[in-house]
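Working notes, structure below.
No value in this document is a laboratory result; all are computed from the given coordinates. Keep in mind that this is a model prediction, so the values were computed, not measured. Cβ: placed from backbone, ideal geometry, glycine included. Neighbour counts: every protein chain shown.
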Amino acid sequence: MSEHVDGEVMVELLEPEELPGEVADGPELAVRATGLTKRYGTLVAVDRMDLAVPRGSIFGLIGPNGAGKSTTFAMMATLLRPTAGSIEVMGANPAHKPRTVRRRMGYMPDSLGVYDNLRVDEYLEFFAASYGIPRAEWPELVGGLLELVDLAVKRTAMVNSLSRGMKQRLSLARALVHDPELLVLDEPASGLDPRARVELRELLRSLNGMGKTIVIASHILAELEEMCSDVAIMEAGRLLASGPPRQILQQLGGARSIRVRFADGTAETFTVADDADQASLLRRLVVDDERDVVEFIEESGGLEQLFMSLTEGIVQ
């Protein structure tokens, strides 16, 4: 049974005989939601969401505070039951097969939820025990995770002595204890200084390179733009668009601005419609016009423009 300790939702202890055996290769989608809805009385937190997260992607869930991101994640993580609709995580329904989902998914909530009266290694050992990992494997497991998140030198430090950035990395290590295929991270960069945010971003790219699907929620669009292959945009509980950012922008009929700086010190701005048009512009400038291009930068078409275009006129 789950229990709450210091605001943290504890992982349900798995008895050895309850651990699932070999799990067949999952579907092409890591997460699939159809008509997903969550209501609290008259408040609709998530409104008939259809969502598809490709396996192997870094998928950004974008929206302001109160858009429904955390509620969506809680339903993925087996912590909330949908009011209506359905959701599958790695091919399993969280409401019907919560233990299967928890074995295949690592969840990092938006609250840190670390336990101050434990050492760093004890904290990870506690979760290793919660997942039924044999004690003999703990030293190597904990050591490897601390190396991965660059906390090896803090192994015997008390959790309450860590900086916020270190606690964020420790929370990520906790989500990785059972080597999940899917990571769901709710505002992992919130409150971090610039250096810590860069380090976190590089770590997530490394984990994705290891084959893990990462779903990350944030309202910091610049953070997501640099690493997400796909995004979904939420506002007031509704999903407004989903897919690769450029594809969504093209569907909206949006154009891109390309600022070009030349070796003679002059600069010009050009408008292009798509990738092919952008490549054609560069070829024309360099090959046909024989101009010395020193900078070729896309100034529009990013997540900020996309979000503002989609949410214009929506009333909370």
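Tabulated data
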item	result
Stokes-Einstein D (µm²/s) once Rh is taken as the Kirkwood radius of the stretch 4-243 over alpha-carbon pairs, at 37 °C in 0.692 mPa s	180
Computed FRET value (nearest 0.05) for F270 with R135, which takes r as the C-beta separation and R₀ as 45 Å	0.10
J(HN,Hα) series, the stretch 180-185, from Karplus relation 6.51 cos²θ - 1.76 cosθ + 1.60, nearest Hz, glycine and proline x	x, 7, 10, 10, 10, 10
Relative contact order for the stretch 4-243, counting Cα pairs under 8 Å that sit 6 or more residues apart, in percent	29
Reach of K154 by Cα under 16 Å, taken over lysines that are not fewer than 8 positions away in the same chain	K167
Calculated log₁₀ intensity ratio I(q)/I(0) where the Debye formula runs over C-alpha points of the stretch 77-195, q = 0.12, 0.20 Å⁻¹	-0.47, -1.12
R0 of 41 Å, Cβ-Cβ distance D193-R259: FRET efficiency to nearest 0.05	0.85
Dipole magnitude (debye, nearest 20) for the stretch 4-243, charges at Cβ of Lys, Arg, Asp, Glu	460
Compactness of the stretch 255-300, expressed as Rg and Dmax over alpha-carbon positions, Å	10.0, 28
Rough spin-label spacing in nm, given labels placed 7 Å along Cα→Cβ, for D150 and A95	4.2
